[in-house]
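The block underneath contains the structure these notes are about, expressed in structure tokens.
The values are calculated or read from the model by the stated rules, or taken from the named source; none is laboratory data. Remember, it's a predicted structure, so these values are computed and weren't measured experimentally. Please note: Cβ atoms are built from the backbone with ideal geometry, for glycine as well, and neighbour counts cover all protein chains shown. Ligands, DNA and RNA are excluded from the accessible area calculation, which covers all protein heavy atoms including side chains. Shrake-Rupley method; radii C 1.70, N 1.55, O 1.52, S 1.80 Å.
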2 protein chains.
Amino acid sequence: MQVVNVAEKFTRFSDHFSPKIVGELNDSYVKLVKLKGEFVWHHHDAEDELFMVVKGTLRMGIREDGREREEVVHQGEFIIVPRGVEHRPAADEEVHLMLLEPKTTLNTGNVRNERTRDELERI
Amino acid sequence: MQVVNVAEKFTRFSDHFSPKIVGELNDSYVKLVKLKGEFVWHHHDAEDELFMVVKGTLRMGIREDGREREEVVHQGEFIIVPRGVEHRPAADEEVHLMLLEPKTTLNTGNVRNERTRDELERI
């Protein structure tokens, strides 16, 4: 049991779209990730995900009921994307996110491509 | 699905030791709470809890292996208290916390007293 300083953890890595594990509780991991650019559209069949913006601005693309929209999430705000909902995180400038999601969650959800990360580093 | 601004949510209440629900995902709630003073020593038999300090300084008392210690958690830091571990949140000045814990979690854990909150408001 130790105190985790989120800003300090963000100094430990610089790669994008590659979540790091910084905590675990119950069936979930707390992860940190840096994004810049557009991620892939995907969904998670069985996992809800929380995206908390620690720095920067996140543009979360969402496809629901056959329509596409974008939610803008600023520093100090979070959004919860429910299971089954198609989404695409994007950021014009680098954004720092804290994620909370079940341990079973794959970053690219139902998609497999060069951005899929099966093994996550703990920092 | 909506964007939640944490600071704005904190303007909506002023009572202490009374968590408010601001989100839910999977089997967990995201809660906000303001503390000032000492809470009660307690533990949760089956729930790990995350305490993220949004403002102020949290003093987390911990009893483990027959010893008592205190972890100081500053703004921008979090601590995860595993199930079964006796703990007591305290704050000399008002502290704003974001909590993440299973929906089954009672704020006073194994203890029932005047600070127990069975029904939590959603804000």
Evaluate Rg over Rh across the range B:1-64, taking Cα atoms for both radii and Kirkwood's formula for Rh.
0.96
For the range B:47-89, treating each Cα as an identical point scatterer without solvent, what Debye log10 I(q)/I(0) comes out at q = 0.22, 0.23, 0.26 1/Å?
-0.70, -0.75, -0.91
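Report the rotationally averaged projected area of the protein assembly as shown based on its alpha-carbon convex hull, in square nanometres. It would help to have the intermediate numbers written out before the result.
Details: hull surface 53.1 nm².
Directional mean of the projected Cα hull area for the protein assembly as shown stands at 13.3 nm².
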Label spacing, shortest first and in nm, from residue B:104 to its equivalents in the remaining copies (7 angstrom along Cα→Cβ):
1.7
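Note the direction-averaged projected area, equal to a quarter of the hull surface, for the Cα convex hull of the range A:51-123, in nm². Numbers along the way, then the final one.
Numbers: hull surface 22.7 nm².
With the hull built on Cα positions only, its mean projection is 5.7 nm².
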Nearest 100 Å² is fine: what is the total accessible surface buried where chains B and A meet, probe 1.4 Å?
2700 Å²
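Given a Förster distance of 22 Å, report the FRET efficiency between residue A:86 and residue A:117 from their Cβ-Cβ distance, rounded to the nearest 0.05. List each step's numbers first, then the result.
Details: r = 20 Å, r/R0 = 0.89.
My answer for the efficiency is 0.65.
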GluC sites (Glu not before Pro) in the range B:64-123 lying in a DSSP loop, each with at most 15 other Cβ atoms within 10 Å of its Cβ, come to B:114, B:119, B:121
Using a probe of 1.4 angstrom, how much of the accessible area of the protein assembly as shown is carbon and sulfur, in percent?
43 percent
Return, for the Cα atoms of chain B, the radius of gyration and Dmax in Å, separated by a comma.
13.6, 45
Got a sec? Which residues of the range A:15-30 lose 40 Å² or more of accessible surface with every protein chain in place, vs. that chain alone, 1.4 Å probe?
A:25, A:26
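Please tell me the relative contact order of chain B in percent, rounded to the nearest whole number, where contacts are Cα pairs under 8 Å and at least six residues apart. Please report the intermediate quantities before stating the final value.
Numbers: 277 pairs, mean separation 41.3, N = 123.
This gives 34 percent for chain B.
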So for the protein assembly as shown, taking the charge dipole from beta-carbon charges (+1 Lys/Arg, -1 Asp/Glu), which of B:75, A:35, B:110 sits furthest toward the positive end?
B:75
Distance between modelled label sites at residue B:12 and residue A:21, nm, 7 Å Cα→Cβ extension
3.4 nm
Restricting to DSSP H runs of at least four residues, report the calculated mean residue ellipticity at 222 nm for chain A, -39500 (n - 2.57) per run over all residues, nearest 500 deg cm²/dmol.
-1000 deg cm²/dmol
I'd like the mean, over residues of B:48-55, of how many other protein chain beta carbons sit within 10 Å of each residue's own Cβ.
3
Could you do me a favour and compute the accessible area per residue for chain A, 1.4 Å probe, result in Å²?
46 Å²
